[in-house]
Every structure is written in C-alpha cells, then in structure tokens.
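**Q** Handing you this structure, nothing more for now.
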Amino acid sequence: MAIADPIDEAAVKFVNSPHKILIGSDWVDAASGKTFETYNPATGEVLANVAEGTSEDIDRAVKTARATFDAQTWTKMKPNERSRIIHRIGDLMLEHADELAALESLDNGKPLAIARAADVELAADIFHYMSGWVTKIEGNTIPISVPYMPGAEFHAYTLKDPIGVVGQIIPWNFPLLMAAWKLSPALAAGVTVILKPAEQTPLSALRLAELILEAGVPPGVVNVVTGAGDAGAALAAHDDVDKVAFTGSTEVGKEIVRAAAGNLKKLTLELGGKSPNIVFSDADMETAIPGAANAIFFNHGQCCSAGSRLYVESKDFDDVLQGVTDHAKSIKVGSGQDPQTEMGPLVSQEQLDRVCGYFESGRDEGAEFATGGQRKGDKGYFVEPTVLTHTNPNMKVEAEEIFGPVVTVSPFKNADDVMPTANTSTYGLAAGVWTKDISKAHRIAKQLRAGTVWVNCYNVFDASLPFGGYKESGWGREMGHEVLNNYLEVKSVVTQL
C-alpha cells in the first residue's frame, strides 16, 4: 500500500508483508482465517491487514507456552546465557532502530524523530537493564527459631521461582515500549508469555517478536496473538494462565479483574491517570511553563501519566496560562513522517471521537477555551492542542481521563489550598511539582497520592525507576528491580538437621 516518502525501506517491506500470529516457532494464520485492518492515523487509510486471533488462537498459544514452561527450556538455561540473549534483543533493536521507529510512526502516528529518540531507545534500554537481573534473582537463608520444637535445628531458605505462563496485554499509545516493559522482566524471570498487542498498533510488536527469535529465545517462550478485545478477554480468563499483566484503561482493567477470578490468577495492572501538575510562584518559570506544556502535549496527550490537571499559584496564573497557551498554539501538528511535525494525529477514529466528545462536554459544562477545542483538518485523526480554563473537579474534562492533548488550568492560593484538589482524583498514577523551595518540594511530594512525583521536570522515565499507580491507577509496578516480583513466586524450604 502507498506510504509517503521518506520512510525506512525495511519498514515499508515489513508493512507490506503478511502479518500472522506467532505460536512457538511458527507464524500462522488465525484459526478462523480472518484478518483485520490497521490504519495509518495520519491519513485514515488502511496500512496493513493482520491476522485476527480469537479464543481458539489464544488457547493454542497458551498450550504452547505451558508445554514450553513445563519443559523448562528457558528456565533451566544457565542464567548468564539467558542474560546474553536478553541483552542481544536490545542490541538488535538498536540495529533496527530506524525500521522500528518508522513502524511505530506509521501505526501509531507519533513523529518519527520522537519514536526513534524516545520509544526505541527506551525499549532497547530496558532489555539491556533487565538482562543484568537474570544472574541476580536470589533467595535467602533464614535462621528460624520454632519455639514449640526446643533443641531442633533447621536449615531454612527461600527460592524464587518463575510464576509460570503469563498473559500480557499492551496498549496502543507506546506499542513498542510497552511490549518491552512487559517482555523484558518476564524473560529475565524465566516465564513463558502470550503477548496480545492492541489491535490499533500491532506492527512493532510483531517485528519485535521476530527479533526475539533471532536473538536466540527458544520457540514457545514468547508467543504473540493479534486480534481484538475478545482475544484479550480470552487470555485474561484462561484457566491455564497463571498471571496477567495489563496496561490500559481503568475500565478494561476492572473487566480483567473479574475475568481473572476463575482461577485466581495473579494480576498487575498499569491503568489510567488524571495527573495533577502544580506550579508554585517561586518556580523557575522559564522551565516550568514549557515543562507544564510538554507534560500534557507529549505523545499527543495519549499518555497515562500526562499532566492533564494544571494548578498554578494565583500570583502567576495569568502568565503561566498565557505561556502554556502560546506553546499550544505554536505546536506543529502533522504527519509523523514529516520531520517538522511536533505532534501527530490521535491513534484512531474512535479516539478522535472520544476527544471531540470531551470538547463538547467542556462547552456544555461552562469551560472556556484559551485555545484549541476542534478537530484539525478533515483527513486523518488530528485535533488541536487544547487549553481549558474555568473548570472544576466536578466537570468531566477535569475529572475523567481524556487521553488527548487537553489540559485544564486552574488557580490556587497556597499549598494547603491545592493539595485536597490535587488528591481528589480517583486516579493516582503521577504528579508534578514546580518550585525552587526544596523543602516544599519534598513535603508536597510526600503528600501527593501518586506512584511517581516529578519535581521541576515531567515524564522522566528510566529502566531502573519503578512506575505504577495508587488508587484506580493500578496494582503493582513496572520497571526497576521491583517489576521482577510480578513474575516470581517465593518458596520457603525447611530442612530439619
């Protein structure tokens, strides 16, 4: 299919190739033979046709993953050998960085330069980081007392075992990066995986699966089933899956909780956010104003940690509002393949309709638009970067996750005034604080009910930093050494001497 130049030739070749399901070592059609279309969000045109997996394909993949886990093909491999293979995945991603970035830009809409510099680099980095943990998964020896057995001696220790077969369901906003966040710790822990990419953006995950096999991961350790929500539901409910790791909306996360009840499978959930971003009058405004703008407009606002509720101390409210508004107006919106583009389209027609619906809701409830509030053009899924004022916590635009480039800006009197409002959300994923007062910064950071608090910065991610939410933003943490606990069981062994 037609793809505008310039674009990586390898990416074009991959887009135009068949896109099948990976089960074991075999790339196969869906059991039904059906495919679905994925779209270029910059044009609204069909980009590729992809195998439409259903519950039958999920069952095939789970059986393969179970047989591979039981055979201990991956688990019994020497840790340093597994480490080298996982590190090699990161190396291969960097070797194919231009191709992967092009696939991400075509499928998701994000600017090519951002996909290359952020998504691919961070995805490769977490494979490199997690490769180092394979040789450091350790138990402990524990001196026990057992008071009801006087005189008895014991040797007691713990082991950390891989949890088994894991279903992983990832979203469409950072398709490659979310695949890496999920797969790298799972591989380090020694489990086997069925990965279900978002139906809107399956291409980079499929290409990553090819690189995983090329790196030397044995067949059956990583399986990939593309398809719609019914495939994800089947994976979440499957009785031979030991654990599900999901990133996506809180609404779907609650459905997964219900689906997992059948066999009480373990869950980790990285869900939605409506993150407060607080600018005090003593902040460095030359940093805070563009920082506040980037907090919401990064990745088209399609970011669970987006600083979508901006609170500004009253003294500087007008200046900050004007600065963020001017920034929004200056953003170059266009195709992700255009090197001048700073913000691409939303990912789909569904997401476009959702965001435009919030524009209408804001107008109906009395919000004022400092800028934006419209669809941009009539081709592709573009919207204007939008700044809203005169909102309150009861309005949908301030209470609900929009998942688009839309920020509400509100004044506050002092720290005591803003904290109850900042924490009022049902979400608790992230927050930002801008101030030169280091004591204030740490005091506010402690009070904020959020899994990550950025001080004088925003959207700073690193493979070594745990990421996850309070409240309805989820269970568990991604990244850092803590993520390994998601994929391990602790076993106590006691021997009487």
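**Q** Can you tell me which residue among T386, T325, T341 is of a type in the set (S, T, N, Q), surrounded by 19 or more Cβ atoms within 10 Å (Cβ to Cβ) and touching a Phe, Trp or Tyr at 6+ places or on another chain (Cβ under 9 Å)?
**A** On inspection, the qualifying residue turns out to be T386.
**Q** Please go through the stretch 305-322 and give me each residue that is touching a residue at least 60 places away in the same chain (Cβ under 8 Å), open to solvent by 10 Å² or more (accessible area, probe 1.4 Å) and either farther than 14 Å from N277 by Cβ or of a type in the set (A, V, I, L, M) (or both), ordered by number.
**A** Those that are touching a residue at least 60 places away in the same chain (Cβ under 8 Å), open to solvent by 10 Å² or more (accessible area, probe 1.4 Å) and either farther than 14 Å from N277 by Cβ or of a type in the set (A, V, I, L, M) (or both): S314, L321.
**Q** Is there a residue in the stretch 281-294 that is of a type in the set (S, T, Y), farther than 28 Å from I256 by Cα, open to solvent by 10 Å² or more (accessible area, probe 1.4 Å) and not in a helix (DSSP H, G or I)?
**A** Checked against the condition, which is being of a type in the set (S, T, Y), farther than 28 Å from I256 by Cα, open to solvent by 10 Å² or more (accessible area, probe 1.4 Å) and not in a helix (DSSP H, G or I), the stretch 281-294 yields at least one hit.
**Q** Hey, any hits in the stretch 77-94 for a residue that's in contact with a Leu (Cβ under 8 Å, 6 or more places away or on another chain), farther than 29 Å from Q349 by Cβ and of a type outside the set (A, V, I, L, M, F, W, C)?
**A** Taking every residue of the stretch 77-94 in turn, at least one turns out to be in contact with a Leu (Cβ under 8 Å, 6 or more places away or on another chain), farther than 29 Å from Q349 by Cβ and of a type outside the set (A, V, I, L, M, F, W, C).
**Q** Got at least one residue in the stretch 145-166 being in a loop (DSSP other than H, G, I, E, B), of a type in the set (V, I, T), open to solvent by less than 60 Å² (accessible area, probe 1.4 Å) and without any contact (Cβ under 8 Å) to a residue 40 or more places away in the chain?
**A** Looking for residues that are in a loop (DSSP other than H, G, I, E, B), of a type in the set (V, I, T), open to solvent by less than 60 Å² (accessible area, probe 1.4 Å) and without any contact (Cβ under 8 Å) to a residue 40 or more places away in the chain, one finds at least one in the stretch 145-166, hence yes.
**Q** Right, next: Filter the helices (runs of 4 or more DSSP H) completely within the stretch 176-271 down to those with at least 3 residues that are out of contact with any Pro (no Cβ under 8 Å at 6 or more places or on another chain), at pLDDT 95 or above and among the charged types (D, E, K, R).
**A** Here the list reads 203-215, 250-259.
**Q** Among the residues of the stretch 381-422, what is the count of those that are among the charged types (D, E, K, R) and farther than 30 Å from A42 by Cα?
**A** 3
**Q** Looking at (1) farther than 24 Å from Y381 by Cα; (2) touching a Phe, Trp or Tyr at 6+ places or on another chain (Cβ under 8 Å), which is the one condition that is false for R84?
**A** Going through the list (1) farther than 24 Å from Y381 by Cα; (2) touching a Phe, Trp or Tyr at 6+ places or on another chain (Cβ under 8 Å), R84 breaks only (2).
**Q** Right, here's the next one. Which residue pairs have Cβ atoms closer than 7 Å, lie 6 or more positions apart in sequence or on different chains, and pair a first residue in the stretch 263-284 that is more than 30 Å from G323 (Cβ to Cβ) with a second residue that is part of a strand (DSSP E or B) and open to solvent by 20 Å² or more (accessible area, probe 1.4 Å)?
**A** Listed by first residue and then by second, the contacts come to L267/W475; T268/W475; L269/W475.
The values are calculated or read from the model by the stated rules, or taken from the named source; none is laboratory data. As the structure is a prediction and not an experimental result, all values here were calculated from the model. Note that each Cβ is placed from the backbone with ideal geometry, even for glycine, and that neighbours are counted across all protein chains shown. Please note that ligands, DNA and RNA were not included when accessible areas were found on the heavy atoms of the full protein model with its side chains. Shrake-Rupley method; radii C 1.70, N 1.55, O 1.52, S 1.80 Å.
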